[in-house]
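Can you read through this structure? Questions will come right after.
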Amino acid sequence: EAGVAQSPRYKIIEKRQSVAFWCNPISGHATLYWYQQILGQGPKLLIQFQNNGVVDDSQLPKDRFSAERLKGVDSTLKIQPAKLEDSAVYLCASSFTRGTGGSETQYFGPGTRLLVL
Amino acid sequence: TQLLEQSPQFLSIQEGENLTVYCNSSSVFSSLQWYRQEPGEGPVLLVTVVTGGEVKKLKRLTFQFGDARKDSSLHITAAQPGDTGLYLCAGADSGGTSYGKLTFGQGTILTVHP
């Protein structure tokens, strides 16, 4: 079974530029998550989709970050304009979502490492 | 806002030693998960504990969930260099639209020297 795919793996941009990340979850997984992991910290949830609907985006800085999952499969996360503090690893994860809540396994992709200069 | 505090933040030990990593919160979680993350990769789930007081063993790793479901520990017996990595605990919400949402601790970086 193929895992969660993310691209690009690395990205270096200058502040105020825009950048987009792509994620393809495990086939059949209804729920998709985007996390931000700053060096030395644990991942922080940015947005959670179930199929093509947003479940939770309470920690997404909506003035500069946007995400979509139009067909309920792959997803893109965009930052426009980028700031220095956006330098981090952006992780995508997916889960099957059986409706049992709380203890479901999330499968993570390898992440995209963003450096904003 | 639910917070999880992990300790210690860094751990450097010799092969064969035992170690314990702690994960504490003032909030109650429906379940708690432990992940291991290697450089350049995403976190990989090690175990999920659901019941207060639950103990799970995975080879040399022992995981415990506190009776009140607010804290957890990971104990590694006879650590090996292959255990090196970032260990993350994550608490799961269970209610309403938040189900599946994980709150991560800041992680413990473990280095096991041969």
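The values are calculated or read from the model by the stated rules, or taken from the named source; none is laboratory data. These numbers were taken from a predicted model, which means no experiment stands behind them. Because the Cβ atoms are built from the backbone with ideal geometry, glycine has one as well, and the counts that use them run over all protein chains shown.
Among the candidates A:G109, A:G3, which residue alone is of a type in the set (G, A, S) and modelled with pLDDT under 95?
A:G3
Would you be able to tell me the number of residues in the range A:46-64 that are within 21 Å of B:Q2 (Cα to Cα) and out of contact with any strand residue (DSSP E or B) (no Cβ under 8 Å at 6 or more places or on another chain)?
2
Name every residue in the range A:37-46 that is within 11 Å of chain B (Cβ to nearest Cβ) and under 15 Å from A:Y90 (Cβ atoms), in order of residue number.
Once the filter is applied, which keeps residues that are within 11 Å of chain B (Cβ to nearest Cβ) and under 15 Å from A:Y90 (Cβ atoms), the range A:37-46 yields A:Q37, A:I38, A:L39, A:Q41, A:G42, A:P43, A:K44, A:L45.
With (1) farther than 28 Å from A:T112 by Cβ; (2) buried (at least 16 other Cβ atoms within 10 Å of the Cβ); (3) touching a Phe, Trp or Tyr at 6+ places or on another chain (Cβ under 8 Å) as the list, and B:Q64 as the residue in question, which single condition is left unmet?
Condition (3) is where B:Q64 drops out.
Please work out if A:A30 is at pLDDT 95 or above and out of contact with any helix residue (DSSP H, G or I) (no Cβ under 8 Å at 6 or more places or on another chain).
Here the answer is no, as A:A30 does not meet what is asked.
With respect to B:Y35, determine if the residue is of a type in the set (F, W, Y), surrounded by fewer than 19 Cβ atoms within 10 Å (Cβ to Cβ) and modelled with pLDDT of 90 or more.
no
Still on this model: What strands (runs of 3 or more DSSP E) completely inside chain B contain at least 2 residues that are within 26 Å of A:S58 (Cα to Cα) and aliphatic (A, V, I, L, M)?
Answer list for chain B: B:44-49, B:85-92.
Being loosely packed, with under 14 Cβ neighbours inside 10 Å and within 14 Å of another protein chain (Cβ to nearest Cβ) is the filter here; which residues of the range A:60-102 pass it?
Those that are loosely packed, with under 14 Cβ neighbours inside 10 Å and within 14 Å of another protein chain (Cβ to nearest Cβ): A:R98, A:G99, A:T100.
Can you tell me which of (1) without any contact (Cβ under 8 Å) to a residue 40 or more places away in the chain; (2) in contact with a strand residue (DSSP E or B) (Cβ under 6 Å, 6 or more places away or on another chain); (3) assigned to a strand (DSSP E or B); (4) of a type outside the set (S, T, Y) is the one A:G42 doesn't meet?
Failed condition: (3).
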